[in-house]
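Working notes, beginning with the structure itself.
The values are calculated or read from the model by the stated rules, or taken from the named source; none is laboratory data. This is a predicted model, so every value here is computed, not measured. All Cβ positions, even for glycine, are placed from backbone atoms using ideal geometry, and neighbour counts span all protein chains on display. Accessible surface is based on the protein model in full, side chains and every heavy atom, while ligands, DNA and RNA are left aside. Shrake-Rupley method; radii C 1.70, N 1.55, O 1.52, S 1.80 Å.
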Amino acid sequence: MIAGQEKKSTFQPGGRKKGRRRLIASVCLAAEWPYEISAVSLNRFCASGLQAIHFGAMGVASGAMDLAIAGGVESMSRVPMGSDDGGQDGNNLHLRERVFQIPQGISADLIATLEGFSREDLDAVALHSQKNAARAIEEGRFAKSLFPVRDPFTGEVVLERDEFPRPDTTAEGLGALKPSFVTLGQTAAGPNGETFDQLALAVYPSAKVIQHLHTAGNSSGIVDGAAAVVLASERFVQQREIKPRARIRAMTTIGSEPVIMLTAPAPASEKALRIAGMKARDIDLWEINEAFAGVVLQTIRKLGIDPDRVNVNGGSIALGHPLGATGAILLGTALDELERSGKQTALITMCVGGGQGIATIIERI
């Protein structure tokens with residue numbers, strides 16, 4: 001969702017579904033903002049929260065807005081993943097004759113197979129995420145950006161910290177989990193009865209056999225969440241004598257091969273770095289969304305990143321992945337850590353359903 005103060009025109013609340021329209025209108029009304037503040041929703045799958053920030057920043061940079069609030073909300077406990085009409089390809093049967101997309105879990109296992117990642121490699125990412133998140137929570141690193149959820153009628157606090165992390169996670173416990181996508185890979189789905197695994201191997205025959213290695217422990221969690229980021233023009237900041245926390249150095253998206261689907265964070269990051277005139281080594285902190293452990297490892301390998309700079313406070317494996325909100329959460333987490341650690345630059349990147357990637361570089365002021 002993006003809400004903004006426009007100088008030239010206003011966006012009317014909208015959305016394909018009535019429920020979405022009501023949500024957009026109610027967000028602004030519940031916040032008790034003036035009626036003239038408008039809002040709009042968007043959908044770039046997992047990157048929607050970060051894309052909302054991009055659009056808000058574009059509005060501010062262009063002069064169309066002086067102030068924008070951008071982010072996202074996702075309640076996966078009430079609206080399950082896959083509830084969108086038509087899924088990734090909108091049930092486009094003509095498209096499927098040319099490009100038959102497979103579920104993301106199969107794509108993640110295909111990446112692990114092609115890259116030669118072992119189950120132990122993937123579980124190590126998961127364990128690292130859990131331990132980093134546990135340390136961050138224990139040290140209060142998230143505290144400045146979290147707010148308690150209260151019962152609207154009684155005012156009682158019903159939630160004040162993340163429930164999903166499992167700080168007692170062990171390598172042995174992770175190793176005992178069964179792969180999540182074996183049965184799905186054997187499901188007949190193609191026009192001639194091909195299974196999802198066979199459809200993937202038709203595009204990537206060098207894999208020979210897909211090794212199903214991702215589990216519930218080394219994949220992102222299904223959770224609820226919300227986040228927002230305030231973006232302002234230089235004029236707005238100066239007129240109101242506000243001290244900004246950071247600026248956006250670069251923001252971009254990119255398309256990638258749609259069957260493997262999840263390999264775009266690396267090229268998206270490279271594109272953002274080119275825009276900013278930077279190299280990967282210039283980035284102090286990386287937030288690579290932990291949709292699947294294999295995505296993080298593939299991105300680190302492709303870009304030659306120091307793993308100690310990646311997801312230092314855990315990621316979506318430990319904290320969960322509320323799809324529409326995660327991008328905004330990651331940017332806020334990165335900024336908080338830059339301030340806490342005294343570092344300057346961070347790059348946030350995510351894979352996106354359908355074969356896309358997004359990346360944002362921020363610099364602390």
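Observations, loosely collected:
- Highest to lowest packing among 151-163, 203-215, scored as the average C-beta count within 10 Å: 203-215, 151-163
- Whether the stretch 206-350 is rounded, prolate or oblate, judged on the alpha carbon gyration tensor where a/c under 1.5 counts as rounded: prolate
- Per-residue 3J(HN,Hα) values for the stretch 195-210, derived from phi via the Karplus relation 6.51 cos²θ - 1.76 cosθ + 1.60 with θ = phi - 60°, read 7, 4, 4, 5, 5, 5, 5, 5, 8, 10, x, 5, 5, 6, 9, 6 Hz in sequence order (x marks Gly and Pro).
- The chain: angle of helix 48-62 to the longest principal axis, Cα-based, in degrees nearest 10: 40 degrees
- Probe 1.4 Å, all protein chains present, accessible-area order of T187, T263, T326, largest first: T187, T263, T326
- Here's how it looks for R249: its modeled amide H is under 5 Å from those of I361, I362, E363, which are all 5 or more places away or on a different chain.
- The chain: angle of helix 265-276 to the longest principal axis, Cα-based, in degrees nearest 10: 40 degrees
- Legend: distances between Cα atoms for K243/K279; K279/K302; K279/K343; pairs beyond 20 Å are K243/K279.
- A dipole drawn for the stretch 168-236 from +1 and -1 charges on Cβ atoms has a positive end, and of A200, F181, S219 the residue lying farthest that way is A200.
- For the chain, averaging the sequence separation of C-alpha pairs within contact (under 8 Å, six or more residues apart) and dividing by the residue count gives a relative contact order of 25 percent.
- In a fully extended conformation the segment linking E160 and I275 would gain 37.5 nm over its present Cα-Cα distance, using 0.36 nm per residue.
- Rounded, prolate or oblate (a/c below 1.5 giving rounded, otherwise prolate when a/b exceeds b/c) for the stretch 290-365 by Cα gyration tensor: prolate
- Listed values for the stretch 95-110 are Karplus-derived 3J(HN,Hα) couplings in whole Hz (6.51 cos²θ - 1.76 cosθ + 1.60, θ = phi - 60°), namely 5, 5, 5, 9, 10, 9, 7, 10, x, 4, x, 5, 4, 4, 5, 5, and x replaces Gly and Pro.
- A Förster distance of 51 Å, applied to the separation of the beta-carbon atoms of D306 and A30, puts the FRET efficiency at 0.75.
- The slack between E97 and F153, meaning 0.36 nm per residue of separation minus the straight C-alpha distance, is 14.9 nm.
- Backbone phi angles across the stretch 116-127, fed through the Karplus curve with coefficients 6.51, -1.76 and 1.60 (θ = phi - 60°), yield HN-Hα couplings of x, 6, 8, 4, 5, 4, 5, 5, 5, 4, 4, 5 Hz in residue order; Gly and Pro are listed as x.
- Potential extension, K144-V209 segment - 0.36 nm per residue separation minus Cα distance: 18.7 nm
- Antiparallel DSSP beta bridges within the chain, as percent of all bridges there, nearest 5: 85 percent
- Secondary-structure-derived ellipticity at 222 nm for the chain, considering helices only, amounts to -10500 deg cm²/dmol, per-run term -39500 (n - 2.57) for DSSP H runs with n ≥ 4.
- Residue among I248, L297, L262 farthest towards the positive dipole end of the stretch 228-302, charges placed on Cβ: I248
- In degrees, nearest ten, helix 18-30 long axis to first principal axis of the chain (Cα): 40 degrees
- Counting only protein heavy atoms and a probe of 1.4 Å, the accessible surface of the chain is 53% carbon and sulfur.
- Two-site FRET efficiency, E115 against R78, from Cβ-Cβ distance with R₀ of 25 Å, rounded to 0.05: 0.10
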